[in-house]
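Student: Submitted below is the structure of interest, expressed as structure tokens.
The values are calculated or read from the model by the stated rules, or taken from the named source; none is laboratory data. Keep in mind the model is a prediction, meaning the values are calculated, not measured. Reconstructed Cβ throughout: ideal geometry from the backbone, glycine too, with neighbour counts over all protein chains shown. Just so you know, the surface numbers come from the protein's heavy atoms only, side chains and all, with ligands and any DNA or RNA stripped out. Shrake-Rupley method; radii C 1.70, N 1.55, O 1.52, S 1.80 Å.
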Amino acid sequence: MPTSSAERKRRVAGGLVVERLGAGYGGELVIREVDLEVGEGEVATVVGPNGSGKSTLLKAITGVIAVSEGRVLLRDQEISGFATDVIVRRGVGYVPQLNDVFAPLTVEENLRAGGYTLRKAEVPAALARIAEIFPALSAMRTRTAGRLSGGERKMLAMGRALMMEPPLLILDEPTANLSPALARIVLEEYVARLKAAGVAVLMVEQRAREALKVSDWGYVMVAGHLAISSAAAELAERDDMGELFLGRVRDGLAPVRAPSPENRMTVQIGPTIEHGFTVPGGNHA
């Protein structure tokens, strides 16, 4: 059944709103005038050619780089302009493409590290909630993350990011380096479970058609702009997806190369958080 305009408005109010966003490096804008919405319990996917600004968009939303123009709202509260650790505390979960788990630690230790702001008394309930979303993690809780398959590691990374029950979860290339079979599991099973849990999911993904099939809304980014905004099902059925990924869209935008810092920038967030998650040191009392 199609979502009514009133229902859509309610969901967006509980999710993410990006308004006229501009950001870049060294005073040069890489993304410009980006408008984007992800409603509560919805999945939105951003696709586009390499160098189009997708990673810069995620870095701007999560506070890794400064926002030059526009603003970012989560649950009607502005989060742009704050440091990344503050944004995380305000409800943004992030699963990076790489370095998404602590390989030497067990599954349970990784999850506990994800709940670093929780009181000790709150941790058992958080672990139980993750077990409801990803039951397989309970069976492997004593295994070290380095012994997990690529798909299992990604499931653990999602579970870790959910420990603080964020209303928004950002996934950066969740199927990178996975086989087609494992990629299908991540998109069709894991992302579907996030949606069912009521989480707003913003995903950047190169497997465009597969990702759009599990999404509610799709965006095509070209040359730092969102060139197309469409219902995901309609976007997935377009016969010019190949042209979209080459940057040849009908409004005449041409692809540009983003400055090199987008690809080589190391994320370091304060003394205890790196690559979007915390270095374990126990939970707060």
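Student: Could you please find all residues in the stretch 172-230 being within 17 Å of G151 (Cβ to Cβ) and hydroxyl-bearing (S, T, Y)?
Tutor: Hits for the stretch 172-230 are T175, S179, Y190.
Student: Can you find even one residue in the stretch 229-247 that is under 23 Å from P104 (Cα atoms), open to solvent by 30 Å² or more (accessible area, probe 1.4 Å) and not in a loop (DSSP other than H, G, I, E, B)?
Tutor: No, the conditions are met nowhere in the stretch 229-247.
Student: How do the pairs read when you match residues in the stretch 175-196 that are part of a loop (DSSP other than H, G, I, E, B) with residues anywhere that are polar (S, T, N, Q) and surrounded by 16 or more Cβ atoms within 10 Å (Cβ to Cβ), using Cβ under 9 Å and keeping only pairs 6 or more apart or on different chains?
Tutor: Taking only residues 6 or more apart or on different chains, the pairs are T175/Q206; A176/Q97; A176/Q206; N177/Q97.
Student: Only one of these conditions is not met by S215: (1) open to solvent by less than 30 Å² (accessible area, probe 1.4 Å); (2) in contact (Cβ under 8 Å) with a residue 40 or more places away in the chain; (3) of a type in the set (S, T, N, Q); (4) assigned to a strand (DSSP E or B). Which number is it?
Tutor: Failed condition: (4).
Student: For residues that are open to solvent by 30 Å² or more (accessible area, probe 1.4 Å), under 15 Å from the mean Cα position of the chain (by Cα) and not aliphatic (A, V, I, L, M), tally how many sit in the stretch 186-197.
Tutor: Residues meeting the conditions: 2.
Student: Could you pull out every one of the helices (runs of 4 or more DSSP H) wholly within the stretch 104-171 that has 2 or more residues that are crowded, with 19+ Cβ neighbours inside 10 Å and in contact (Cβ under 8 Å) with a residue 24 or more places away in the chain? Spell out how you get there, then give the answer.
Tutor: Numbers: elements: 107-114, 123-133, 136-139, 150-161.
Fully inside the stretch 104-171 and qualifying: 107-114, 123-133, 150-161.
Student: Scan the stretch 4-11 and tell me whether some residue there is of a type outside the set (S, T, N, Q), modelled with pLDDT under 95 and open to solvent by less than 30 Å² (accessible area, probe 1.4 Å).
Tutor: No, the stretch 4-11 contains no residue that is of a type outside the set (S, T, N, Q), modelled with pLDDT under 95 and open to solvent by less than 30 Å² (accessible area, probe 1.4 Å).
Student: Which one of these is under 14 Å from the mean Cα position of the chain (by Cα), closer than 20 Å to M164 by Cα and either of a type in the set (S, T, N, Q) or at pLDDT below 95 (or both): V92, V88?
Tutor: V88
Student: Collect the residues in the stretch 47-67 that are in contact (Cβ under 8 Å) with a residue 60 or more places away in the chain, hydrophobic (A, V, I, L, M, F, W, C) and assigned to a helix (DSSP H, G or I), keeping them in residue-number order.
Tutor: The answer is L57, L58, I61.
Student: While we're looking at this one, here's another question. Could we say that G22 is in contact with a helix residue (DSSP H, G or I) (Cβ under 9 Å, 6 or more places away or on another chain) and farther than 16 Å from L168 by Cβ here?
Tutor: Here the answer is yes, as G22 does meet what is asked.
Student: Is it the case that some residue within the stretch 27-39 is of a type outside the set (S, T, N, Q), more than 20 Å from V222 (Cβ to Cβ), at pLDDT below 90 and open to solvent by 10 Å² or more (accessible area, probe 1.4 Å)?
Tutor: There is at least one residue in the stretch 27-39 that is of a type outside the set (S, T, N, Q), more than 20 Å from V222 (Cβ to Cβ), at pLDDT below 90 and open to solvent by 10 Å² or more (accessible area, probe 1.4 Å).
Student: Could you say which residue among A139, A125, A121 is among the hydrophobic types (A, V, I, L, M, F, W, C), more than 18 Å from the chain's Cα centre (by Cα), over 18 Å from A60 (Cβ atoms) and modelled with pLDDT under 95?
Tutor: A139
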